[in-house]
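K.L.:
Got a structure here, written out as structure tokens. Questions coming.
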Amino acid sequence: MYVIVVGGGKVGYYLTKTLVNEGYEILLIEKNPQKVNTYLDRFGGVVLQGDGCEVGTLEQAGAGRAGVVIAVTGDDEDNLVICQVAKQRFHVRKTIARVNNPKNEEIFRRLGVDVTVSQTNVILALIEQMIPDRPMVHLMTLKHAQMTIVETAVSEDSMVAGLPLAEVKLPPNVVISAILRDGELMIPSGATMLLAGDEVIAVAQRSSEEPLRRLLAGS
């Protein structure tokens, strides 16, 4: 598979280095001529000087045959433009964008970027998982309809503790996909009882996260 990486900062450099070592056909696009000269010495002829936002640069890079274009510059607007040009002009199947401001993630998705990566949100998710009393942990944000995968525990004072799942009135757009009980992962059915201490993994629309937390964790 042919991969184009745009942006030769630290992220782009180490991403390119890793992909080259793993045997991918790759091209790194970078504006700065000094960086380009340095990377040519290290990577050989897999570096192109140019502006990845420009159609001509992506055309020169052979974007028409790329399987993936990854935009990891330090500018969110540039990353969005790169991905949109790759999609709309060169029909690249998959685009991945680095998002420096987490508030831009939803905008990127609505404008057609396939995958967004926010370092801030990754760090926040790790912090959430390290806090033992955190009422709800975001495991993953999905692409469509503002859906997320979340984890929350059933508390002793929850109104649903001791009820079979079929009798639990879940908030709209929520599906309980797994239950972790005493270290064992269960795929629940309608007859599965929800017990205090269960760790519930659910797919939920963002607007239903707080009602789900109140239902399972109590007030």
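A short reminder: the numbers here are calculations on the coordinates, not readings from a lab. Only a predicted model underlies this, so the values are computations on that prediction, with no experimental measurement involved. Please note: Cβ atoms are built from the backbone with ideal geometry, for glycine as well, and neighbour counts cover all protein chains shown.
K.L.:
What's the local net charge at residue 68, with K and R +1, D and E -1, over the other residues with C-beta under 14 Å away?
P.N.:
Surrounding charge for residue 68 is +2.
K.L.:
Mean 1/r over all different Cα pairs, inverted: what Kirkwood radius does the stretch 2-117 give, in Å?
P.N.:
Over the stretch 2-117, the inverse of the mean reciprocal pair distance is 13.8 Å.
K.L.:
Let me ask something else. Where a Cα-Cα gap under 16 Å defines reach, which lysines qualify for residue 10, not counting those fewer than 8 residues away within the same chain?
P.N.:
Here the lysines satisfying the reach criterion relative to residue 10 are 31, 35.
K.L.:
Treating only the Cβ atoms of Lys and Arg (+1) and Asp and Glu (-1) as charged, compute the dipole magnitude of the chain about its Cα centre; round to the nearest 20 debye.
P.N.:
For the chain, the charge dipole is close to 660 debye.
K.L.:
For residue 38, what is the net charge nearby, where nearby means another residue's Cβ is under 15 Å from its Cβ and Lys, Arg count +1, Asp, Glu -1?
P.N.:
Here the charged neighbours net out to +3.
K.L.:
Projected onto the charge dipole of the stretch 38-126 (+1 at Lys/Arg Cβ, -1 at Asp/Glu Cβ, origin at the Cα centre), which of 74, 47, 90 gives the Cα projection farthest towards the positive end?
P.N.:
90
K.L.:
Net charge near residue 197, counting Lys/Arg +1 and Asp/Glu -1 over other residues with Cβ under 9 Å of its Cβ?
P.N.:
-3
K.L.:
So, by mean Cβ neighbours within 10 angstrom, what's the order for 94-102, 187-195, 150-158 with the highest one leading?
P.N.:
Output ranking for 94-102, 187-195, 150-158: 94-102, 150-158, 187-195.
K.L.:
In deg cm²/dmol, rounded to 500, what helix-only [θ] at 222 nm does the chain give when every DSSP H run of at least 4 residues adds -39500 (n - 2.57) and the total is split over its residues?
P.N.:
-9000 deg cm²/dmol, from helical runs alone.
K.L.:
Sort 2, 39, 14 by Cβ crowding within 10 Å, fewest neighbours at the top.
P.N.:
Least to most surrounded, the residues fall as 14, 2, 39.
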